[in-house]
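What follows is calculated from the coordinates using simple rules that are stated; it is not laboratory data. In this text, all values refer to a predicted model and were calculated from it rather than measured experimentally. Positions of Cβ are backbone-derived with ideal geometry, glycine not excepted, and every protein chain shown enters the neighbour counts.
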Amino acid sequence: MSTFLPYGRQYITDEDVDAVVKVLKSSFLTQGPKVSEFEDVIRSIVQAQHAIAVNSATSALHVACLALDLGPKEILWTTPITFVASANCALYCGAEVDFVDVEPDTGLMCTICLEEKLKAAKKLNKLPKVVVPVHLTGTSCDMKKIYQLSVEYGFSIIEDASHAIGGSYYGEPVGSCKYSHICVFSFHPVKIITTGEGGAATTNSVKLADKMRRLRSHGITKDPSQFLQTDPPPWVYEQQDLGFNYRMTDFQAALGISQLRQLSENIKTRNKKLFFYRKLISDWQLPLTLTKIPSNTVSAVHLAIVQLQGNLKAKRRFIFERLREQQIGVQVHYMPVHLQPYYQQQGFVAGQYPKAEEFADGIISIPLFPQLSDQDQIRVVNAIKQLL
Ligand SMILES: *Cc1c(COP(=O)(O)O)cnc(C)c1O
């Protein structure tokens, strides 16, 4: 029996384990000095002025929306080809969600569609307050164009870079927020690096950073320079907003710091593996295409999404089931969010975002993670070849 190959998997080294154990034996377990150190490392890698570590990317998206004052009667736009969290964050704030269709060869937010939708929304007085482009597979969206539109139409941008730490766009690290207000990362085990569960938001705005920091811990600040009252006694902390407990623990942060030491190696390895898949597919002339990566970006390669060509699309379920039977943990990233039962109950219908639906109909994610061997990759592509 061959071993099961998941579509993604964490890579934990002995150094990672040692780093966690060291914190477990220290006096700080929850948010403490390691969380600040982790935030410093993230800041320096992505070249942003502020980083706020939290317990998931979902929490990061939530506090990011609140920091940008997204509230009832306001609108957030994201893409249907994403994990549900990119849209749910708007609903947590009582705001509305709508979707922008995607490009057929990347699955990324289509900027032409965005511009058309903005023009139409302006006439109806229904412009979004926040737009959330999603860097699917670790490949950055066209942020220059989206940023230009944000200036023209007056919306804020949260990059959902859950897949993309370690990637870059026109030489700028994803997370630098050069073309956005806030950028969000996930450290769930299937993502690029992990802290077990975890996430972070980066920004260059002190105001947004302070607000997100308060919101991750009940809306409380302990920093006297931020107090609203004058001459407070020494025991005072102030609750200034309604926040949550979204804190990351110090042992998770220690794991994150250790994992980030191998980030550039990790990204190189992932890119090599993607290249090898491309080579096998082209050498064997298979009717499959891996999603396109624009030349101005370095993808972090969280996922290898293959698009089935032509009449093969109709056989997706068959191919998927046979691959699973062979212990190949294929997946679909993603079923369009607006087709989820919950979103259908909110009034979304099939056919509303045709390019996203067409993209989603013909995709399968094949295994890609740092420890995948060449033999594993040959096994995956050969299994598909046999099925054809
Ligand atoms: C994984 C993921 C999230 C949520 O991340 P968590 O850390 O699990 O909350 C959000 N958006 C996208 C695009 C993701 O892939």
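Give the order of ILE182, ILE42, ILE75 when sorted by the count of other beta carbons within 10 angstrom, beginning with the fewest.
Ascending Cβ contact count within 10 Å gives the list ILE75, ILE42, ILE182.
Taking 41 Å as R0, compute the FRET efficiency from the Cβ-Cβ separation of ASN125 and LYS385 and round it to 0.05.
Working: r = 54 Å, r/R0 = 1.31.
With R0 = 41 Å, the Cβ-Cβ based efficiency is 0.15.
Report D for the stretch 48-93 in µm² per second (integer): Stokes-Einstein, Kirkwood Rh on Cα pairs, 20 °C, 1.002 mPa s.
After rounding, the answer is 188 µm²/s.
I'd like the chymotrypsin sites (Phe, Trp or Tyr not before Pro) in the stretch 125-196 restricted to DSSP loop residues with at most 16 other Cβ atoms within 10 Å, sorted by number.
TYR170
If you scale each eigenvalue of the Cα gyration tensor by 5 and take the root, what three semi-axes come out for the stretch 232-320, rounded to whole angstrom and sorted largest first?
Its equivalent ellipsoid spans semi-axes of 45, 19, 12 Å.
Modelling each spin label as a point 7 Å along the Cα-to-Cβ direction, I'd like the TRP284/THR230 distance in nm, to one decimal.
If labels sit at TRP284 and THR230, their model points lie 7.5 nm apart.
Run lengths n ≥ 4 of DSSP H only: what is the helix-derived mean residue ellipticity at 222 nm for the chain, with -39500 (n - 2.57) per run over all residues, to the nearest 500?
The helix-only estimate for the chain comes to -11500 deg cm²/dmol at 222 nm.
Please work out the Cα center distance from the stretch 19-38 to the stretch 222-255, rounded to the nearest Å.
18 Å
Given the options ALA161, ALA85, ALA253, which has the most mean-square fluctuation in a GNM of the chain, springs set between C-alpha atoms less than 10 angstrom apart?
So, out of ALA161, ALA85, ALA253, the one fluctuating most is ALA85.
Given the convex hull of the Cα atoms of the stretch 21-80, what is a quarter of its surface area in nm²?
Over all viewing directions, the stretch 21-80 projects a mean Cα-hull area of 6.4 nm².
How big is the convex hull of the Cα atoms of the chain, per residue, in Å³?
Enclosed volume per residue, from the Cα hull, is 145 Å³.
For LYS222, give me every one of the lysines with a C-alpha distance below 19 angstrom, ignoring sequence neighbours fewer than eight places off in its own chain.
Those lysines meeting the cut-off are LYS34, LYS207, LYS211.
With everything on Cα atoms, drop me the angle between helix 263-283 and the longest principal axis of the chain, reported from 0 to 90° to the nearest 10.
Result, in degrees: 20.
Report, in degrees rounded to the nearest 10, the 0 to 90 angle that the Cα long axis of helix 374-387 makes with the longest principal axis of the chain.
Approximately 50 degrees, to the nearest ten.
If you find the alpha carbon centre of the stretch 151-215 and of the stretch 283-325, how far apart are they in angstrom?
Their Cα centres are 27 Å away from one another.
Using the Kirkwood radius over C-alpha pairs as Rh, can you work out the diffusion coefficient of the stretch 16-143 via Stokes-Einstein at 20 °C, viscosity 1.002 mPa s, in µm² per second?
Details: Rh = 16.9 Å.
Reported coefficient: 127 µm²/s.
When we measure straight from the Cα of LYS315, which aspartates and glutamates land under 19 angstrom away, once same-chain ones fewer than 8 places off are left out?
Result set, ordered by chain and number: GLU325, GLU357, GLU358, ASP361.
Tell me the angle of helix 316-325 to the major Cα principal axis of the chain, expressed in degrees between 0 and 90 and rounded to the nearest ten.
Helix 316-325 sits roughly 80 degrees off the main axis of the chain.
Between SER373 and SER264, what is the FRET efficiency for a Förster distance of 22 Å, r being their Cβ-Cβ separation, to the nearest 0.05?
Plugging the Cβ-Cβ distance into 1/(1 + (r/R0)^6) gives 0.55.
Considering the dipole of the chain built from charges on the beta carbon (Lys and Arg +1, Asp and Glu -1) around the Cα centre, which of ALA53, VAL17, GLN352 is farthest to its positive end?
The listed residue farthest towards the positive side: GLN352.
What is the order of ARG324, ARG316, ARG213, fewest Cβ neighbours within 10 Å to most?
Exposure proxy ranking, most exposed first: ARG324, ARG316, ARG213.
When TRP235, TRP284, TRP77 are ordered from fewest to most other Cβ atoms inside 10 Å of their Cβ, what list results? Write down the numbers at each step before the final one.
Working: TRP235 5, TRP284 13, TRP77 24.
Lowest count first: TRP235, TRP284, TRP77.
Once you put a point 7 Å from the Cα of GLN346 and another 7 Å from the Cα of VAL151, both along the Cβ direction, what distance in nm separates them?
Inter-label distance under the simple model: 3.1 nm.
Specify the residue with the greatest mean-square fluctuation among ARG322, ARG270, ARG247, computed from a Gaussian network of the chain linking alpha-carbon atoms under 10 Å apart.
It is ARG322.
Quick one: Cα centre-to-centre distance for the stretch 342-365 and the stretch 104-149, in angstrom?
Between the Cα centre of the stretch 342-365 and that of the stretch 104-149, the gap is 17 Å.
Contact order normalised by length for the chain, with contacts defined as Cα pairs under 8 Å and 6 or more residues apart; what percent is it?
23 percent
So which of LYS73/LYS119; LYS313/LYS385; LYS129/LYS191 end up more than 23 Å apart by C-alpha?
Working: LYS73/LYS119 19 Å; LYS313/LYS385 15 Å; LYS129/LYS191 28 Å.
Beyond 23 Å between Cα atoms: LYS129/LYS191.
Within the stretch 18-107, report the trypsin sites (Lys or Arg not before Pro) that DSSP leaves as loop and that have at most 14 other Cβ atoms within 10 Å.
Counting only loop positions with at most 14 other Cβ atoms within 10 Å, the trypsin sites (Lys or Arg not before Pro) in the stretch 18-107 are LYS25, LYS73.
What is the Cα convex hull volume of the stretch 184-335 when expressed per residue in Å³?
Taking only Cα atoms, the stretch 184-335 has a hull volume of 182 Å³ per residue.
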